[in-house]
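Please read the structure below before turning to the comments.
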Amino acid sequence: QLYHPVENKKKLNREKTSRILNLDSKNQYLLHFGLVRKYKGLDLLIESMAQLTKTNKNLVLLIVGEFYVNKEKYLKQITRLGLEKNIKIIDEYVEGNMINHWFSIADLVIQPNKISSQSGVTALSIGFEKKIVTTGTGGIGEIINSDNGYICESNVDSMSRTINYALNDKNFNFDKLKELKNKLSWTSFAKKIMTIVNEI
């Protein structure tokens, strides 16, 4: 059994990145990255923001990626909850160096998936050594656990509590994340491929 390999990514300077992205570096940023599809649970994350911003006015959710569902539904939800100032949508395909900027500015990467297989977003997050909050469904749960990330239930209360805890957790063990990064590296992936080839 193989996995989605992880590249060794380097975080960019926060001040410089915030200027490029036209963001305030003093805010805290949650990143929801990649194609927006119904099963990815963005509606739960937006609803969670309504609870989180009651105590953290400087928290901003960045929704970065193309919408493959009706965006109007999410826009109406944001307006209903009064979150226009706390949610920024970048409805476009992101590639190249811009990926580095979005992940570098993120304080947390959020994967609120209701279902999932393996995830390239998880691999990117690990590559940048970013803390991940996830429901842990499917292939994501095979990689992220309470030792190297934060697992929440697929509901608003659990998600908002876990995100708040993760934002304020000063004791997170980044060494575990680095160990995972090395374990899932392209070098390790290639070695496993060659082991399989040699066995054939």
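What to note about this one:
- Dividing the mean sequence gap of close Cα pairs (under 8 Å, 6+ apart) by how many residues the chain holds gives a relative contact order of 26 percent.
- Were the residues from SER25 through LEU75 laid out at 0.36 nm apart, the gain over their Cα-Cα distance would be 15.5 nm.
- Annotation: SER116 carries an accessible surface of approximately 30 Å², with a 1.4 Å probe and no ligand, DNA or RNA atoms counted.
- Solvent-accessible area, 1.4 Å probe, carbon plus sulfur percent, for the chain: 48
- For the chain, the solvent-accessible area with a 1.4 angstrom probe is 53 square angstrom per residue.
- Gyration tensor (alpha-carbon) shape descriptor, the stretch 1-132, a/c threshold 1.5: oblate
- Largest first, the residues ILE151, ILE110 sort by 1.4 Å accessible area into ILE151, ILE110.
- Using Cβ point charges alone (K and R +1, D and E -1), the dipole size of the chain about the Cα centre works out to roughly 380 debye.
- Mean residue ellipticity, 222 nm, helices only, the chain: the sum of -39500 (n - 2.57) across DSSP H runs of n ≥ 4, divided by residue count and rounded to 500, is -12500 deg cm²/dmol.
- For the stretch 69-117, the dipole from Cβ point charges (+1 on Lys and Arg, -1 on Asp and Glu) about the Cα centre works out to 320 debye, to the nearest 20.
- Between helix 186-199 and the chain: long-axis angle, C-alpha atoms, 0 to 90°, nearest 10: 40
- Note, ³J(HN,Hα) from phi for the stretch 140-157, Karplus 6.51, -1.76, 1.60, rounded to Hz, x at Gly and Pro: 4, x, 6, 10, 9, 9, 5, 7, 10, x, 10, 10, 10, 7, 7, 8, 5, 4
- When the surface is traced with a 1.4 Å probe over the full set of protein chains, LEU44 keeps roughly 30 Å² accessible.
- The stretch 99-149 versus the stretch 26-73: alpha-carbon centroid distance in Å: 14
- Dipole orientation for the chain: of the candidates LEU75, ILE105, LEU42, ILE105 has the Cα lying most toward the positive pole (charges on Cβ; Lys, Arg +1; Asp, Glu -1).
- Legend: residues TYR93, TYR39, sorted from most to least accessible area (1.4 Å probe; ligands, DNA and RNA excluded), read TYR93, TYR39.
- At full extension, ASN171 and MET194 could sit 4.5 nm farther apart than now, given 0.36 nm per residue minus the alpha carbon distance.
- Using 0.36 nm per residue and subtracting the Cα-Cα separation, the extra length available between GLU95 and LYS183 on full extension is 29.2 nm.
- About the Cα centre, charge dipole magnitude for the stretch 1-110 (Lys/Arg +1, Asp/Glu -1 at Cβ), debye: 280
- Overall form of the stretch 102-200 per C-alpha gyration tensor (a/c, 1.5; a/b vs b/c): prolate
- With every protein chain in place and a 1.4 angstrom probe, the accessible-area ranking of TYR150, TYR68, largest first, reads TYR68, TYR150.
- Surrounding net charge for ILE99, when Lys and Arg each add one and Asp and Glu each subtract one, Cβ distance under 13 Å: +1
The values are calculated or read from the model by the stated rules, or taken from the named source; none is laboratory data. Predicted model only: the values in this text are computed from it and were never measured. Every residue, glycine as well, gets a Cβ built from its backbone with ideal geometry; the counts of neighbours run over all protein chains shown. Side chains are part of the model used for accessible areas, which takes the heavy atoms of the whole protein and leaves out ligands, DNA and RNA. Shrake-Rupley method; radii C 1.70, N 1.55, O 1.52, S 1.80 Å.
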